[in-house]
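The values are calculated or read from the model by the stated rules, or taken from the named source; none is laboratory data. Because the structure is a prediction, the values reported are computed rather than measured. When we count neighbours, we look across all protein chains shown, and the Cβ atoms used for this are built from the backbone with ideal geometry, even at glycine.
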Amino acid sequence: MSLLVSIIIPSYNRKDELIVCLNSILKQDYQNIEIIVVDDNSSDGTVQVIQRQFPQIQVIMDSVNFGPSYRRNQGILTSRGEYLLFLDTDVELQEPSIVSRMVERLQKDNTIGEIGGEIAIYDGETKRAFGRDISYTGQSHRVVALDGDSQLTPCDYLATCNCMVRKDVAIKAGGFDPYYGFGAEDTDFGFAIQKQGYKNYVGFPYAVHHKRIMATGRHSDETYRYRVTRIRFLLKHYGLNRVFLLFLIDLIRIIIFYPILPFKIIAKLLLRKPIMRESFTGGWLILKAHIWNLRHLRETLSTRTTNFLSSNKMEQFSRNK
């Protein structure tokens, strides 16, 4: 008998994209699945549409926004499957055998932690799938798996737009850290899995089309938000030495930023590129991110061994939110 796969999809105001995603799941040739949509207080009628069009799908709903990491943790705790497949609302499983391939590969190799990958069609990609590696200073870099190559390519982590993992491995890793304010929770999850002795892989036969819908969920101060989470990740997993090196690099960036700012503005005007607020405040935002992490240093270090799936940690986060 085939093992149950629990497909967990956090959702927030992406009703139309979610419907496409769900239809692609229901076309999979692997039939022993349960689909769990964890809605983060959407206001676009997502819950009502899913309940009406897909009555077989389990929907978890709430009246508060807690973010995708907390929602994925809810999905893990609710799930009944031996395998967990995390998807985003803006992906589409372009072939009917993707889930069955993932399960087959995980059954063959107990050393695999995460398997999956994204085909970034938002960048016009169709022949390459991507995982992610992290540099010494916390910068994310693509790891490539080519169409036609059946081999798995090792990577540090997979974006949670598409990754499958055994449920017991996800539980050992402690679930997703919901205290990352913007991004990095998938990086953190992949590293936690590696710390358990498993290896993460990207492979083209296991990747899905990722559309990356940009209309919702984006912020005007992304430079600051990304920098905060990048520093927090380094502090949590590596300590002060790497953060100090990153601070020295960023200090050089800040020193250079403002003298060359007028020339950057002129270039943007000539090329008719948008001039955002961050075009003027980028240097300060980088420094501000280091200050934020210094203020929250004790809190960050305390999460190094936290099990975010425990009932008291789930309750603590929801209470503090």
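Key figures
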read-out	value
Pairs, first in the same structural domain as His296 (by TED's automatic domain parsing) in the stretch 227-248, second among the basic types (Lys, Arg), C-beta under 9 Å, six or more apart	Arg227/Lys288; Val228/Lys288; Leu234/Arg242; Leu235/Arg242; Lys236/Arg304; His237/Lys195; His237/Arg304; Leu246/Arg230
Count of residues meeting criterion [surrounded by 21 or more Cβ atoms within 10 Å (Cβ to Cβ) and more than 21 Å from Met102 (Cβ to Cβ)] in the stretch 13-38	1
Single residue of the stretch 43-62 satisfying the filter (surrounded by 15 or more Cβ atoms within 10 Å (Cβ to Cβ) and not in a loop (DSSP other than H, G, I, E, B)) that is farthest from the chain's Cα centre (by Cα)	Val49
Members of the stretch 137-149 that are modelled with pLDDT of 95 or more and of a type in the set (Ser, Thr, Tyr)	none
Check on Ala184, surrounded by 21 or more Cβ atoms within 10 Å (Cβ to Cβ), assigned by TED's automatic domain parsing to the domain that holds Leu77, at pLDDT 95 or above and of a type in the set (Gly, Ala, Ser)	no
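Matching residues to (1) surrounded by fewer than 19 Cβ atoms within 10 Å (Cβ to Cβ); (2) of a type outside the set (S, T, N, Q); (3) assigned to a helix (DSSP H, G or I); (4) outside the structural domain of Ile9 (by TED's automatic domain parsing):
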site: Val64; (1), (2), (3), (4): yes, yes, no, no
site: Arg71; (1), (2), (3), (4): no, yes, yes, no
site: Gln74; (1), (2), (3), (4): no, no, yes, no
site: Arg80; (1), (2), (3), (4): yes, yes, no, no
site: Met102; (1), (2), (3), (4): no, yes, yes, no
